[in-house]
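Below: the structure, in structure tokens.
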Ligand code: 1HE
């Protein structure tokens, strides 16, 4: 993928296969993939380029046994930032994570180990989260004397609801296993989260890119709108997506009975 070939990263590893499935790896395992300022800049660069790369789906995975330990606390301590400095840090996190959420390309997070603090904020910017038995979720900001700054107040609250998020932040409560699925932190709990994430990515990549673009950007935009405006925007998006050539072909296949039916196995 030409748009990605010219990019080089220190804290990420990026590759793509012939089917357009891109693999983005958090590659700082010695630091449990903690998010320092440099990693956030790499995420901004990558997710700026990715929509133009021809990628049809992305798997976001991590090197090592933990997905992501959140904000690089050592860097934050060493930098001794001012309030204004840290506000600007957070704005770069938002830039990176908004580029992911609104990218229009399905991003599937393959989780394991710690998905905590800013690591959960990163995972929440993906479109689907897949956990394994080792995966656990927490927002230890309160215990660290911090507050979320990477969008958790929007995205994590959206996943689990305000009351659960406040409980997580006040008490450091950890969710894992089926409970994590039931509260909405992840959508799948499997033995091998990477294999499942790639299977989901490959399935999503079969959809027309324009449909995926709408699914992976329009829904998020519509959540920012009044119900009245969201309904209007939905009609406009559906007008474009539902009349594309690719959907006409698929509708014809349904009409002539060659398309698969929607039935449980
Ligand atoms: C780190 C970080 C980090 C590990 N920043 N360096 N996040 C947290 O409160 C989670 C902090 N981390 C942990 O609780 C543990 O490291 C883990 C449970 C994730 C992993 O434990 P373990 O035993 O495998 O590793 P470790 O021995 O704790 O750490 C290994 C190395 O990773 C060590 O570095 P080393 O140079 O001494 O070998 C650690 O310092 C380093 N490391 N986590 C920096 N987070 C936008 S606001 C968002 C606010 C937040 O994200 S708050 C939540 C912060």
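Since every read-out is calculated from the coordinates, none of them should be taken as a lab result. Just so you know, these numbers come straight off a predicted model, no measurement behind them. Note: ideal-geometry Cβ built from the backbone for every residue, glycine included; neighbour counts use all protein chains shown.
A few notes on this one:
- When the Cα gyration tensor is reduced to axis lengths a ≥ b ≥ c, the ratio a/c is 1.5 or higher for the stretch 83-183, and with a/b not above b/c it is classed as oblate.
- With N as its number of residues, the stretch 170-265 has a Cα radius of gyration that, divided by 2.2 N^0.38 Å, comes to 1.45.
- Computed on the Cα atoms alone, the convex hull of the chain gives a volume of 148 cubic angstrom per residue.
- Extent along the principal axes, Cα only, for the stretch 64-130: 36, 28, 14 Å, with the longest axis given first.
- Per-peptide packing, taken as the mean over residues of other Cβ atoms within 10 Å, places 202-212, 4-14, 25-35 in the sequence 25-35, 202-212, 4-14 from highest down.
- Each peptide in 136-142, 36-42 receives the mean, over its residues, of other Cβ atoms within 10 Å, and ordering these scores from highest gives 136-142, 36-42.
- Arranged from fewest to most other beta-carbon atoms within 10 Å of their beta carbon, 23, 48, 148, 258 become 258, 48, 23, 148.
- With Cα atoms defining each centre, the stretch 43-91 and the stretch 205-241 are spaced 26 Å apart in the structure.
- Sorted by Cβ density within 10 Å, fewest first, the residues 169, 87: 87, 169
- Within the chain, helix-based [θ] at 222 nm, where runs of 4 or more DSSP H residues each add -39,500 (n - 2.57), nearest 500: -14000 deg cm²/dmol
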